[in-house]
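Asker: The structure is given below, and queries will be raised subsequently.
The values are calculated or read from the model by the stated rules, or taken from the named source; none is laboratory data. All figures in this text were calculated on a predicted structure; none of them were measured in a lab. Because the Cβ atoms are built from the backbone with ideal geometry, glycine has one as well, and the counts that use them run over all protein chains shown.
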Amino acid sequence: MKNLSRTAYAAAMNTSLVLGAAILLCGPAHAQAPPNAPASANPPITPAQGLVVQRTLSLTLAKTIAEATLAACQAKGYHTTAAVVDRAGQLLVILRDEQATAQTVEMARRKAYTARMFRSATADFQKRTEDPSYAPQRDLPDILALGGGVPIMVGNDAVGGVASAGAPQEQDDACAKAGVAKVADQLK
């Protein structure tokens, strides 16, 4: 009797394993078509289905923006730091002129972060938050209400932010805008 129950148990386990493997190998009924299938073979996935497609700033593009920002300020005789953040506000590139002071690194990062998070130039953010009803926004972590940061936009989508620190605010702002202008044709 014991041998029969062990045999039945082993057979049931083997059947379960085979069925489980078959289910895993077959996959869901709506699996994607092979890569060489026509586009109509892959039905579009909507955000309601759980997939969100976003544009992401490449490291190469971020480096180009930072280099152009730094170069624009150097051409005017300023020793600055340029920072580029991605769509999540995370630092991608930071470049500091050899003669830029140490605090410009953190200032540039925070300006770039502010520009990305508020989707506006930090000079505009600075003016807007002078209004007491908006002033508490300045108290959020990593926010810096000084001119010199601009968002990196693709249409209405903020894919990052760039900032310059170490020159007068108007010059920092112009340098950051020059960085974005350098790659404007690639941001379409």
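Asker: Residues of the range 76-91 being in contact (Cβ under 8 Å) with a residue 24 or more places away in the chain and surrounded by fewer than 23 Cβ atoms within 10 Å (Cβ to Cβ), which ones?
Answerer: K76, Y78, H79, D86, R87, G89
Asker: Here's another thing I want to ask about it. Among (1) of a type in the set (D, E, K, R); (2) closer than 13 Å to A83 by Cα; (3) without any contact (Cβ under 8 Å) to a residue 24 or more places away in the chain, where does D172 come up short?
Answerer: It fails just one condition, (3).
Asker: Moving to a separate point now. Considering only residues that are hydrophobic (A, V, I, L, M, F, W, C) and surrounded by fewer than 24 Cβ atoms within 10 Å (Cβ to Cβ), look in the range 63-75 and name the one that is nearest to V162 (Cα to Cα). Walk me through how you get there before you give the answer.
Answerer: Step one: list which residues in the range 63-75 are hydrophobic (A, V, I, L, M, F, W, C), which gives 65-66, 68, 70-73, 75.
Restricting the remaining residues to those that are surrounded by fewer than 24 Cβ atoms within 10 Å (Cβ to Cβ) gives 68, 71, 75.
On the way: A68: 11, A71: 14, A75: 18 Å.
Step by step, filter the range 63-75, then rank; the result is A68.
Asker: Something else about it: Look through the range 42-71, keep the residues that are more than 18 Å from D185 (Cα to Cα) and among the small types (G, A, S), and return whichever of them is modelled with the lowest pLDDT. Write out each step before concluding.
Answerer: Narrowing the range 42-71 to residues more than 18 Å from D185 (Cα to Cα): 42-54, 70-71.
Among the residues that remain, those that are also among the small types (G, A, S) are: 48, 50, 71.
Working: A48: 72, G50: 84, A71: 98.
If we take residues in the range 42-71 being more than 18 Å from D185 (Cα to Cα) and among the small types (G, A, S), then A48 is modelled with the lowest pLDDT.
Asker: Whether any residue in the range 96-110 is assigned by TED's automatic domain parsing to the domain that holds D173, among the basic types (K, R), buried (at least 21 other Cβ atoms within 10 Å of the Cβ) and within 25 Å of K63 (Cβ to Cβ) is what I want to check.
Answerer: Narrowing the range 96-110 to residues assigned by TED's automatic domain parsing to the domain that holds D173: 96-110.
This time we only want the ones that are among the basic types (K, R), so: 96, 109-110.
From what's left, buried (at least 21 other Cβ atoms within 10 Å of the Cβ): 109-110.
From what is left, the residues that are within 25 Å of K63 (Cβ to Cβ) are 109-110.
Checking the range 96-110: at least one residue is assigned by TED's automatic domain parsing to the domain that holds D173, among the basic types (K, R), buried (at least 21 other Cβ atoms within 10 Å of the Cβ) and within 25 Å of K63 (Cβ to Cβ).
Asker: Further, regarding this structure: Can you give me the number of residues within the range 86-119 that are in a helix (DSSP H, G or I), in contact with a Ser or Thr (Cβ under 8 Å, 6 or more places away or on another chain) and among the aliphatic types (A, V, I, L, M)?
Answerer: Taking the range 86-119 as the starting set, the residues that turn out to be in a helix (DSSP H, G or I) are 103-118.
After this cut, where a residue has to be in contact with a Ser or Thr (Cβ under 8 Å, 6 or more places away or on another chain) as well, the list is 104-105, 107-108, 111, 114-115.
Applying the additional criterion that residues be among the aliphatic types (A, V, I, L, M) yields 105, 107-108, 115.
The qualifying residues number 4.
Asker: Polar (S, T, N, Q) and more than 12 Å from the chain's Cα centre (by Cα): is that true of T56 in this structure?
Answerer: Numbers: polar (S, T, N, Q): yes; more than 12 Å from the chain's Cα centre (by Cα): no.
Spelling it out, it is not the case that T56 is polar (S, T, N, Q) and more than 12 Å from the chain's Cα centre (by Cα).
Asker: Considering only the range 134-188, state which residues are among the β-branched types (V, I, T), part of a strand (DSSP E or B) and in contact with a Lys or Arg (Cβ under 8 Å, 6 or more places away or on another chain). Give the steps one after another, and end with the answer.
Answerer: To start, the set of residues in the range 134-188 that are among the β-branched types (V, I, T) comprises 143, 150, 152, 154, 159, 162, 180, 183.
If we keep only those that are part of a strand (DSSP E or B) too, we end up with 150, 152, 154, 159, 162.
Scanning the range 134-188 gives V150, I152, V154, V159.
Asker: Right, next: Which of the residues that make up the range 91-111 are in contact with a helix residue (DSSP H, G or I) (Cβ under 8 Å, 6 or more places away or on another chain) and closer than 13 Å to D172 by Cβ?
Answerer: Quick first cut of the range 91-111, residues in contact with a helix residue (DSSP H, G or I) (Cβ under 8 Å, 6 or more places away or on another chain) only: 91-97, 111.
Result: D97, K111.
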